[in-house]
């Protein structure tokens, strides 16, 4: 018990000495801790973006749909030889897709879709850019679409080629369609469309907020002969267990339908998820490296200043030792000082890094987010930087001989 009290008393004394030293050189302390300030702010900012990236990735996975989706996508020729070969193929068409999947018990449905890209929309005297997609009605449940108002597109809309559409919430706001947008008219590429539903987006900056979905028959009749120029065909399977089997059998059947020409590619949702995770991991590594390098530079700068401080305080160390201070007293003093300097930079850095989550929505591609674990990581990095940057200077000060130190 006495040993514990003495240890606590020693810590208190050293803490007071550290505060006196830091306050007497406030300008030097501020400059020294600047590296840790930037490092911790960078770390928390990067963690916020990593969390936001994970949330965005999760939302994109949900939009992809289940793992039981196989997508057959047309590819463009890359060489003159491929261009000549692809001319022998009839191309990707809905009729060919239905023929290729005929008789396969694990195929649930075949859905056409065509992404027409960003288009200029107008409505009620307002103008905005939106992402136009032509789809079959079964596309919506397959890719987990939800509506906030109105209804989805129906088979009747497809069959009668009704000039109707679904629009995302942000696109509706930009066109000022009001609180009751159902029944309002908008125009894209000189085609008037009636809004029958408003799409709900699961994330702040999801592209779905700016989408406009029209019946595939409108695209086929108004834009081009779409059945001969499909961009992709989505095939829903009864279960995800059949994905690899479907990939093999569909490859054989589509190759036969295309006269032996492989002018298409077969993708699965698992492939898309792996690709998104790979991209996400690469970005995470870059962000972590930036934060680690910034913290390393901050820690090295503090270590250099601590070594310089010891050089200026050799006589002080000699006096303390001659009055009875032991090695671990001096060691503790300089370790505490290094840790306090780090926290003088780290705590404001945490405050600045946290500010990123309070930025208005829509500034960044996805919404940054922080958790209590992230603050624990930032606190741990600050403490570790203080301990590592103070270790060698503290050992050097503790190992000084009193007689030699008093000569200075």
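Data table
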| item | result |
| --- | --- |
| Close pairs (9 angstrom Cβ cut-off, 6 or more residues apart or separate chains): outside the structural domain of residue 135 (by TED's automatic domain parsing) in the stretch 102-113, in a strand (DSSP E or B) and at pLDDT below 80 anywhere | none |
| Residue in the stretch 56-68 that is at pLDDT 75 or above, part of a strand (DSSP E or B), touching a strand residue (DSSP E or B) at 6+ places or on another chain (Cβ under 9 Å) and on the phi < 0 side of the Ramachandran plot present | no |
| Condition check for residue 53: within 20 Å of residue 367 (Cα to Cα), assigned by TED's automatic domain parsing to the domain that holds residue 291 and modelled with pLDDT of 80 or more | no |
| Condition broken by residue 333, with the remaining ones in (1) surrounded by fewer than 20 Cβ atoms within 10 Å (Cβ to Cβ); (2) touching a helix residue (DSSP H, G or I) at 6+ places or on another chain (Cβ under 7 Å) satisfied | (1) |
| Residue satisfying condition, being assigned by TED's automatic domain parsing to the domain that holds residue 31, surrounded by fewer than 14 Cβ atoms within 10 Å (Cβ to Cβ) and closer than 18 Å to residue 43 by Cα, within set 292, 385, 351, 308 | 351 |
| Qualifying residue in the stretch 211-228 (condition: part of a loop (DSSP other than H, G, I, E, B), modelled with pLDDT of 80 or more and in contact with a strand residue (DSSP E or B) (Cβ under 8 Å, 6 or more places away or on another chain)) | no |
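The values are calculated or read from the model by the stated rules, or taken from the named source; none is laboratory data. Treat the numbers as computed from the prediction; the structure is a model and nothing was measured. In this analysis, Cβ positions are derived from the backbone assuming ideal geometry, glycine residues included, and neighbour counts consider all displayed protein chains.
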